[in-house]
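Comments concern the structure below.
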Amino acid sequence: MPAMKVQSLADLKAVKQALAERAALEAAAREAERLEALRRDREKRLFELAVGPVQRLRSHGRVEHAPRGVAPRPLQRERDEALVMREALSDEFDIETLLHTDEMLSYRRPGLGPDVVRKLREGRWSIQRQIDLHGLRTDEAREALGRFIRETHQLGLRCVRVVHGKGLGSPGRTPVLKSRVLRWLVQKNEVMAFVQARPAEGGAGALVVLLRPA
């Protein structure tokens, strides 16, 4: 507290009052600290009474690694992609004028010569991957095929096989899934051409598909 000049009795009283207030504040602060220390000590004792005696565990010498967090699965994105695939691949797409039904079923995009289909039939392209749609419902098969074509194209694969089955287990023994697979493939921009597989590769129950370069 800065020094004060005492020039009168009133000044002296003011100085005494200021000193008394300062002392009271310091005493209050010390009392507050004492009470806080008592409270912490009481809480510590209550915890010790509740837990009971404890003993430090011996060091086992092992290295404990923090658990790895599980990467979140992008469920919303997967649902959005599935919705896009369902909307993009129509079951009502008219392909009658696009398919070539000579001795075996085939398709090629406009502008591609017949030699592309011929080489595909002859097995000039090695099959790099396949998908089997047996046993899938229509929506499941549509989504699985769309994902398969997209992913194999992104990997730079050029020739794949799609197994759709011959429809022998379908009502009326008609190949319902086969006709839909044809429609879906024609609508995929990644698909350049496809032919019915050779007997050793699945025959009428499969297609060999040529994908455009990535």
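Within region 47-72, residues that are modelled with pLDDT of 70 or more have Cβ atoms under 9 Å from residues that are in a loop (DSSP other than H, G, I, E, B) in these pairs: 48/54, counting only partners at least 6 apart in sequence or on another chain. Being touching a strand residue (DSSP E or B) at 6+ places or on another chain (Cβ under 9 Å), at pLDDT 90 or above and open to solvent by 70 Å² or more (accessible area, probe 1.4 Å) is the requirement here; does residue 154 meet it? Here the answer is no, as residue 154 does not meet what is asked. Annotation: residue 207 fulfils all but one of (1) at pLDDT 90 or above; (2) open to solvent by 30 Å² or more (accessible area, probe 1.4 Å); (3) closer than 18 Å to residue 136 by Cβ; (4) not aromatic (Phe, Trp, Tyr); the unmet one is (2).
Checking 34, 86 one by one, the residue that is part of a helix (DSSP H, G or I), at pLDDT below 65 and open to solvent by 90 Å² or more (accessible area, probe 1.4 Å) is 86 and no other.
Taken as a whole, the condition of being surrounded by 13 or more Cβ atoms within 10 Å (Cβ to Cβ) and at pLDDT below 95 applies to residue 176. Residues in region 119-141 that are under 33 Å from the mean Cα position of the chain (by Cα) and either β-branched (Val, Ile, Thr) or surrounded by fewer than 16 Cβ atoms within 10 Å (Cβ to Cβ) (or both): 12 in all. Listed by first and then second residue, the pairs with beta-carbon distance under 6 Å, at least 6 apart or on different chains, first residue in region 137-162 and closer than 21 Å to residue 204 by Cα, second of a type in the set (S, T, N, Q) and assigned to a helix (DSSP H, G or I), are 160/152. Is at least one residue of region 120-134 in a helix (DSSP H, G or I) and within 16 Å of residue 192 (Cα to Cα)? Within region 120-134 (the criterion being in a helix (DSSP H, G or I) and within 16 Å of residue 192 (Cα to Cα)), the answer is yes, since at least one residue qualifies.
The values are calculated or read from the model by the stated rules, or taken from the named source; none is laboratory data. Just so we're clear, the structure is a prediction, and the values are computed from it rather than from any experiment. We place every Cβ from the backbone using ideal geometry, glycine too, and count neighbours over all the protein chains shown. Each accessible area value is taken on the protein alone, full model and side chains, heavy atoms only, with ligands, DNA and RNA left out. Shrake-Rupley method; radii C 1.70, N 1.55, O 1.52, S 1.80 Å.
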